[in-house]
Amino acid sequence: MGSRATYDLSSDAFFRDPYPTLRRMQQEDPVYFWEPMKAWMLTSYQQIHTLLRDPRFSAQRARPLLSTLAATVGAEGAEEMIAQWSRMVLFLDPPRHTQTRSFLNQGFSPASIRALRSGIEAVARQALDAHRALGVIDIATQYADPISLVTLSNLFAVPEEDRPQLRRWSNDLFKPAGVGISAEEVAHRVVQSSQELMAYMKKLVHERRGRPGRDLVSRLIEHEAQAPQPEGEVVIQCVQILAAGYVTTANQITNAVLCLLKHPSELQRLREDPGLLSHAVEEAMRYEPSGLAVSRICIQDTEIGDKSIKQGEFVFGFFAAANRDPEIFPDADRFDIRRNPGRHLTFSSGPHYCLGSMLSRAEIEEALRVLLELSDWELGEEPYVYEGANLQDRAPKTLQMRFRARS
């Protein structure tokens with residue numbers, strides 16, 4: 001394929017710190033064919049920006065992405081899941097994507113997101129207050145996780161007793177982050193959790209039809225006639241929003257706190273000027289995105305750089321590399337909350353720009369705002385680990401933070 005070197009893109013060491021490897025790829029082979037995944041890996045900002053907008057690279061990749069499921073768990077269960085996932089807005093191209101996106105926008109108005117902020121703050125404060133007397137908190141499991149889970153649960157008006165199931169289902173559905181699934185146990189868990197979450201959401205939608213409220217499900221039902229395929233549309237799209245929104249936002253909160261812990265001078269700058277909070281959030285998303293890459297499938301032979309991409313081949317664009325491309329971001333490896341990082345690709349670009357971006361930003365801002373009430377932060381003694389990380393799910397699974405205890 002013309003690649004001049006091999007790169008480690010799957011080890012624990014890579015997920016702990018992918019940036020030296022991505023920088024080497026960017027400099028040496030920015031359009032790299034990675035044999036283990038049989039896919040192309042892009043690391044140039046401009047090429048990834050093009051990938052996200054070029055119609056020769058399709059988002060309709062659910063079937064090939066999950067192609068090994070049928071062989072592993074049986075055709076019947078896998079086919080049902082693939083058919084459902086293929087209708088999710090994440091896996092659609094225009095014009096179907098445009099219609100579905102327009103329908104879903106009804107549930108994500110700026111006013112509806114603003115209305116959630118006080119609830120997000122309350123959840124963050126409750127999580128922190130439970131640990132103030134201890135002087136230590138695990139940001140990943142005891143802070144970011146409940147903020148994201150409770151916020152989404154409130155958005156859907158999910159009863160409190162059902163929320164632990166949402167955590168398990170969402171975590172399972174993030175397992176197929178590469179091309180195909182090889183581990184039999186993981187494959188069975190993915191299919192089972194997809195079936196269970198679909199069944200749960202179908203029941204929830206049925207209940208809201210008879211007793212509507214002010215939640216996202218009820219708002220989408222109200223506008224259901226605008227959906228391109230009304231039958232089952234609310235169920236399928238709500239499953240995607242819930243599954244994707246919980247894990248990615250929890251990870252991004254964790255990553256933002258880690259950025260500030262590792263850069264105490266920037267933390268102090270933020271304390272001195274709280275008006276920089278939104279800038280700090282954007283810089284954290286640029287510097288440590290919760291997902292490393294996005295995939296597309298080539299539907300027409302084309303060339304990127306000096307490489308020929310064939311129809312049917314997968315192409316991955318590394319957001320994490322694009323966000324540190326020195327041609328776009330001067331001194332790109334420096335964390336600087338005064339930077340204007342508005343061109344980062346963490347929320348994607350083009351038609352598939354993240355539907356829940358406003359909500360994620362609100363959660364990260366409120367999470368940091370509450371933590372800034374603490375007079376001191378420092379990394380705890382326990383090392384933070386990236387166990388189980390993959391291309392779409394990267395953040396420390398534990399992140400101990402110490403602070404001055406207060407009763």
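Throughout, read-outs are computed from the coordinates displayed, never taken from laboratory work. Everything numeric in this text was worked out from a predicted model, so none of it was measured. Cβ atoms come from the backbone with ideal geometry, glycine included; neighbour counts cover every protein chain shown.
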Taking amide H positions as placed in the peptide plane 1.01 Å from N, state which residues far from Ala39 in sequence (5 or more) or on other chains have amide H under 5 Å from it.
Trp34
Rounded Å value of the spacing that divides the Cα centres of segment 196-229 and segment 284-337
35 Å
Taking amide H positions as placed in the peptide plane 1.01 Å from N, state which residues far from Ile304 in sequence (5 or more) or on other chains have amide H under 5 Å from it.
Ile309
Below 8 Å between Cα atoms, with a sequence gap of 6+, how large is the relative contact order for the chain in percent?
26 percent
Less than 12 Å Cβ to Cβ from Ala284, Lys/Arg counted +1 and Asp/Glu -1: what total charge do the surrounding residues give?
-2
In a Gaussian network model over the chain where Cα atoms closer than 10 Å are linked, find which of Ala256, Ala115, Ala243 has the largest mean-square fluctuation.
Ala115
From the backbone phi of segment 315-328, what are the Karplus-calculated ³J(HN,Hα) couplings (6.51 cos²θ - 1.76 cosθ + 1.60, θ = phi - 60°) in whole Hz, Gly and Pro given as x?
10, 10, x, 7, 3, 4, 7, 4, 5, 10, 6, x, 6, 10
How large is ³J(HN,Hα) for each residue in segment 210-227, as worked out from phi by the Karplus curve 6.51 cos²θ - 1.76 cosθ + 1.60 (θ = phi - 60°), to whole Hz, x for Gly and Pro?
x, 9, x, x, 10, 7, 4, 4, 5, 5, 5, 4, 4, 9, 4, 4, 7, 5
Determine ³J(HN,Hα), in whole Hz, for all residues of segment 300-305 in sequence, where each value follows from phi through the Karplus function 6.51 cos²θ - 1.76 cosθ + 1.60 and θ = phi - 60°; x replaces Gly and Pro.
8, 3, 7, 10, 10, x
Would you please give the FRET efficiency between Lys203 and Ser102, computed as 1/(1 + (r/R0)^6) with r the Cβ-Cβ distance and R0 = 25 Å, to the nearest 0.05?
0.40
If you take the square roots of the eigenvalues of the alpha-carbon gyration tensor of segment 162-263 and sort them as a ≥ b ≥ c, do you get rounded (a/c under 1.5), prolate (a/b over b/c) or oblate?
oblate
Hey, rough spin-label estimate for Arg125 and Glu387, points 7 angstrom out along Cα→Cβ, what's it come to in nanometres?
3.4 nm
Over the chain, one equal point on each Cα, no solvent: what is log10 I(q)/I(0) by the Debye formula at q = 0.13 Å⁻¹?
-1.18
Amide proton proximity set for Val385, modelled H, under 5 Å, gap of 5+
Lys397, Thr398
Once both label points are put 7 Å beyond Cα along the C-beta direction, the Glu272-Ser308 separation in nm becomes 5.8 nm
Packing-wise, with mean Cβ within 10 Å as the measure, how do 93-102, 213-222 rank, highest first?
213-222, 93-102
Can you tell me which of 244-255, 184-195, 288-299, 122-133 comes out highest on packing, and rank the rest after it, using the mean Cβ neighbours within 10 Å?
244-255, 288-299, 184-195, 122-133
Mean residue ellipticity at 222 nm from the helices of the chain, using -39,500 (n - 2.57) per DSSP H segment of n ≥ 4 over the full residue count, to the nearest 500 deg cm²/dmol?
-15000 deg cm²/dmol
Which lysines, if any, have their Cα less than 25 Å from the Cα of Lys307, not counting same-chain residues under 8 positions apart?
Lys38
